[in-house]
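Comments concern the structure below.
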Amino acid sequence: MGWSADNIPSLEGRLALVTGANIGLGLETTRQLARKGASVVMACRDQTKAATARDQLQREGCANLELLALDLGDLRSVHNAVQQLQQRHSRVDLLINNAGVMAPPRRTSAQGHEWQFAVNHLGHMALTLEVLPMMAAATAPRVVTVTSGAQYFGQIRWDDLDGSQRYERYGAYAQSKLANVMFALELDSRLRQRNSPVQSLAAHPGLARTNLQPTALASAGQPLEALSYQLMGPLFQSAAMGALPQLHAATAPSARGGEHYGPGGFGGLRGSPCQCRIAPAALDPAQRDRLWSLSQELIDDAR
C-alpha cells in the first residue's frame, strides 16, 4: 500500500493557505487538510464558486474554512489579498500554490503578461514572497508549488516570454510549469542560505481528471484535440489521487525542502506519491537565478 490521505498526521492548530481551493486538486487538498484539523484559507478568484465549495465541505463535516479573494492574474489583487490575510492571521504554516490555467487562447494579465505565465508563475511567486514573513514563526512551515509533467517539455523563451512573437498554447503552459518547479527549487535554495525554517517543495499530479482539461478543450474548439483526450481517458486518475503528491509534500514528516513529488506508477502518470525526477533546466542554478531576477523585476514593476 502506498502513501494515502490517511497517512496525513494531525494538523490541529495549523493554518493552511490553498490557492484555487474551490475545484479540482485544490478542493481535494482543502478537504484532506481540513479533515486532519487544519484551518484552511481558500484563496480563490471566483468568490461565488468558492462559497459553494466551502458549503459543500462544511456539509461533509469540515470546519474552520474561510474565503479569501485572490486573482493571481492581477499582481495588485495578490498584494491586496495578503494585506487581508495579515489582518486576519499572524502566521501561515502551509502555503499550497495550487491554482492554475492550462492552454487558453492567448490573452494577457492585468499587467500585460502572457496569461499562463502570469497566473501559474508570477502570481504565485508574488504571493509566496509576501506571505513568507508570516511563515517564519510557524512550526515546520512549508511552501508547496504545484507543477506538472509538462515541465519536462518546457523551455523558458527568454526572448519571448509573453508569446507576443509566437504563441503556442501548450508550449506556453509547459513554460509556466517549468517556471513553477524552477521557482520552488530556487526558493528553497535561498531559504537555506538565510537559515529560514521555511522549506519549499514541488509536486505534480500526473494525469489527474480536473476542470483544466475540459476548460482547455472548450476554449480551443478543436475536434482532434478532444479525441486525443478521449483516447487517453483510461490513463487519467481521480483528482483525489492527483492531489496526493502535493499533500505528501505539505504534510509527510519525511518530506524535505528541495524535493519534488509525483505519482509513482505507470511512467509517473498515476499512482501513489513518490519522489520524482526534475526537469533538467530546473536543476541549472544559473537559469533559476535568471528567472528569479526577471520575475522579481516584473513583480516590482506592478507595485
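The values are calculated or read from the model by the stated rules, or taken from the named source; none is laboratory data. What you see is a predicted model; the values in this text were computed from it and never measured. Reconstructed Cβ throughout: ideal geometry from the backbone, glycine too, with neighbour counts over all protein chains shown.
The table below lists the values:
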item: Residue ranges of helices (runs of 4 or more DSSP H) in the range 219-288 with at least 3 members at pLDDT below 95; result: 223-231
item: Neighbours by Cβ (under 7 Å, 6+ apart or cross-chain): first from the range 276-302, under 12 Å from Asn180 (Cα atoms) and touching a residue at least 24 places away in the same chain (Cβ under 8 Å); second assigned to a loop (DSSP other than H, G, I, E, B) and of a type outside the set (Val, Ile, Thr); result: Ala279/Gly154; Ala281/Gln155
item: Evaluation of Glu12 against (1) part of a helix (DSSP H, G or I); (2) over 22 Å from Thr128 (Cβ atoms) (one fails), failing number; result: (1)
item: Where Asp71 falls short, out of the listed (1) in a loop (DSSP other than H, G, I, E, B); (2) more than 23 Å from Phe117 (Cβ to Cβ); (3) among the acidic types (Asp, Glu); result: (2)
item: Residue identified as buried (at least 19 other Cβ atoms within 10 Å of the Cβ) and out of contact with any Phe, Trp or Tyr (no Cβ under 9 Å at 6 or more places or on another chain) among Pro263, Pro285; result: Pro263
item: Condition broken by His124, with the remaining ones in (1) of a type outside the set (Phe, Trp, Tyr); (2) without any contact (Cβ under 8 Å) to a residue 60 or more places away in the chain; (3) crowded, with 16+ Cβ neighbours inside 10 Å satisfied; result: (2)
item: Looking only at the range 46-62, and only at residues there that are surrounded by 11 or more Cβ atoms within 10 Å (Cβ to Cβ) and not in a helix (DSSP H, G or I), the one that is farthest from the chain's Cα centre (by Cα); result: Cys62
item: Residue within the range 293-302 that is surrounded by fewer than 13 Cβ atoms within 10 Å (Cβ to Cβ), of a type in the set (D, E, K, R) and within 18 Å of the chain's Cα centre (by Cα) present; result: no
item: When residues of the range 82-108 are limited to those that are of a type in the set (Gly, Ala, Ser) and surrounded by 22 or more Cβ atoms within 10 Å (Cβ to Cβ), the one farthest from Ser10 (Cα to Cα); result: Gly100
